[in-house]
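The values are calculated or read from the model by the stated rules, or taken from the named source; none is laboratory data. The structure presented is a predicted model; accordingly, all values stated were derived computationally and were not measured. Here the Cβ positions follow ideal geometry from the backbone for every residue, glycine too, while neighbour counts run over all protein chains shown. Side chains included, ligands, DNA and RNA excluded: accessible areas come from the protein's heavy atoms. Shrake-Rupley method; radii C 1.70, N 1.55, O 1.52, S 1.80 Å.
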Amino acid sequence: MQHYDITSANARTGLRDALTSGLVAPLNGPAVIEALSASGSPGLFDRLIADDYSRAGLETLTLDRKMATLSNVRRL
């Protein structure tokens with residue numbers, strides 16, 4: 001987002017606001033809003049990836065220590 005002079009926090013807030021406005025909704029519902037609302041590590045994409053695998057009934061495998069703190073994620 002640096003190319004557009006928008007901070008990551010502002011981008012997440014804007015996405016969350018758009019997805020909770022009632023005009024559009026995220027495909028995976030509240031989990032996406034929760035991921036956008038979370039701050040710190042792991043990051044947004046790690047949270048969304050783990051959520052997708054969990055919805056499919058799968059465990060996410062990772063080498064990343066921070067991502068491994070999410071539920072249903074195992075560090076290799």
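Side notes on the structure shown:
- Rg/Rh for the chain, where both radii come from Cα atoms and Rh is the Kirkwood radius: 1.01
- Across region 29-34, computed HN-Hα scalar couplings (Karplus, 6.51 cos²θ - 1.76 cosθ + 1.60, θ = phi - 60°) run x, x, 4, 5, 4, 4 Hz from first to last residue, x flagging Gly and Pro.
- Using the 1.4 Å probe convention, the accessible area of the chain works out to 73 Å² per residue with neighbouring protein chains retained.
- FRET efficiency, 1/(1 + (r/R0)^6) with R0 25 Å, evaluated for HIS3 and SER71 via beta carbons: 0.15
- Computed magnitude of the charge dipole of the chain (debye, nearest 20; Cβ of K, R +1, Cβ of D, E -1): 220
- Ligands, DNA and RNA left out, the 1.4 Å accessible surface of the chain is 55% carbon and sulfur atoms.
- Residue-span extension gain [ASP17 to ARG55] - 0.36 nm each, minus C-alpha spacing: 11.3 nm
- Label-to-label distance, nm, for residues given as LEU27 and LEU44 (7 Å Cα→Cβ offset): 1.7
- Mean Cα-pair separation over length for region 1-59, i.e. relative contact order, pairs under 8 Å, 6 or more apart, %: 22
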